[in-house]
């Protein structure tokens, strides 16, 4: 009878262990979006919506005042991945001409923010 009780206890313990593992896996949701950060992307365009290749996009973190830059390619696209949920300002510049400065708020909870920047080339 002792060996039967030991087998029952072992089965009970194994079942309890699997139950605990299963509950723990479902209780802690993944925070993939929060760890990857926010993505800011868009295009640099002229007044006729043509891409402005080789323009430079400036992104300023308003809390730390750290500045990141991005040189756009032929399509005029830029992207800043992995941003924390802070306030940012973004603008583009090409040959001494500058776009309006746009803001991204820390209260904007979107994981992707799309902003086109227009430079008046006239």
Could you list 109, 89 so that the one with the fewest beta carbons within 10 Å of its beta carbon is first and the one with the most is last? 109, 89
Please state, as a whole number in µm²/s, the translational diffusion coefficient that the Stokes-Einstein equation yields for segment 32-118 at 4 °C and 1.567 mPa s, with Rh defined as the Kirkwood radius across alpha carbon pairs. 99
Among 52, 44, rank each residue by its count of other Cβ atoms within 10 Å, from fewest to most, as a rough exposure measure. 52, 44
Label-to-label distance, nm, for residues given as residue 85 and residue 63 (7 Å Cα→Cβ offset): 1.1
Fewest-first ordering of 71, 115 by Cβ atoms within 10 Å yields 71, 115
If the chain between residue 120 and residue 36 were fully extended at 0.36 nm per residue, the gain over the current Cα-Cα distance would be 26.8 nm
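Rule-based calculations on the coordinates, nothing more; no lab input. Everything quoted here is computed from the prediction, not taken from an experiment. Cβ sites come from the backbone with ideal geometry, for glycine too, and all protein chains shown count toward neighbours.
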